Amino acid sequence: MAVLESISTEYRKKAIEKHEKDKLLCKKGNYKIGKDTIILNMGFATHCPSAARGLCKIVNKCYALKAEKMYKAVLPYRERQADQWRRLPVCVYIEKLKRMIEKSKKGKHPIKYVRFNESGDFYDQSCVLKLDLIARALKGLAKVYTYTARRDLRIAGVCDNLNIVTSGFDLFGFTRFLPVKKASGSRPLCPADCTVCGMCKSRYNLRANQSMIIEVIIH
Ligand code: SF4
């Protein structure tokens, strides 16, 4: 938390004022994700940083990419989200999320989870740091989770309010998605309905030399 604490109150106040009119571009979860979850994107699937580095093993099955090709409003919206992710200082991002979560607690569907990256991936190490700071600041308000194929970044060490589900590689202490054509029966299987599941929304109390593999059926 030292990074956040080092931001002076004066800077924070000015930054929040400067970006007051920037409405956070996020979507409330749908019938598959659950109405207690909001979704934000750091980027888009077209020019995904993992695909560009050959790290994503399911490029041809990418639902995010399909949506960007199929619906013409999707890519421009995600490009604006990517711009916002890069442009807004972390303290502004946190303030906007906190306000949104706190407001939702008075409504019918309080936000319990913040999901990052329905499309895209971390661009670089600074995105991991930014997300970690956000998750630390939201501890007790909402849990934060995301997915990554960026095996080349340092992920271990992020706070326990942030679950990073890996794809294409194992990382001790974290959850891994394993795409399969048929369930093995020996591992947990993603039911593709987050309203009744939640296996990848929070961190498990895994031992230092353990990761949890969840199989995902890829059609
Ligand atoms: S494992 Fe559960 S929470 Fe994760 S994507 Fe699948 S249904 Fe959703």
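The values are calculated or read from the model by the stated rules, or taken from the named source; none is laboratory data. Quantities reported herein were computed from a predicted structural model and do not represent experimental measurements. So basically every Cβ, Gly included, is an ideal-geometry build from the backbone, and we count neighbours across all protein chains shown.
Worth pointing out:
- Matching residues, region 1-56, being part of a helix (DSSP H, G or I), polar (S, T, N, Q) and at pLDDT below 90: Thr9
Residues checked against (1) surrounded by 14 or more Cβ atoms within 10 Å (Cβ to Cβ); (2) of a type in the set (Gly, Ala, Ser); (3) touching a residue at least 60 places away in the same chain (Cβ under 8 Å):
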| residue | (1), (2), (3) |
| --- | --- |
| Lys28 | yes, no, yes |
| Arg53 | no, no, yes |
| Ala67 | yes, yes, no |
| Glu79 | yes, no, no |
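- Residue in region 182-200 that is of a type outside the set (Phe, Trp, Tyr), under 13 Å from the mean Cα position of the chain (by Cα) and either within 16 Å of the ligand (Cβ to nearest atom) or farther than 25 Å from Asn30 by Cα (or both) present: yes
- Residue match in region 30-40 (condition: more than 20 Å from Lys130 (Cβ to Cβ), hydrophobic (A, V, I, L, M, F, W, C) and out of contact with any Gly (no Cβ under 9 Å at 6 or more places or on another chain)): yes
- Counted residues, region 139-165 - those being away from the ligand (no atom under 13 Å from the Cβ) and within 17 Å of the chain's Cα centre (by Cα): 18
- The one condition in (1) out of contact with any strand residue (DSSP E or B) (no Cβ under 6 Å at 6 or more places or on another chain); (2) within 13 Å of the ligand (Cβ to nearest atom) that Thr175 fails to fulfil: (1)
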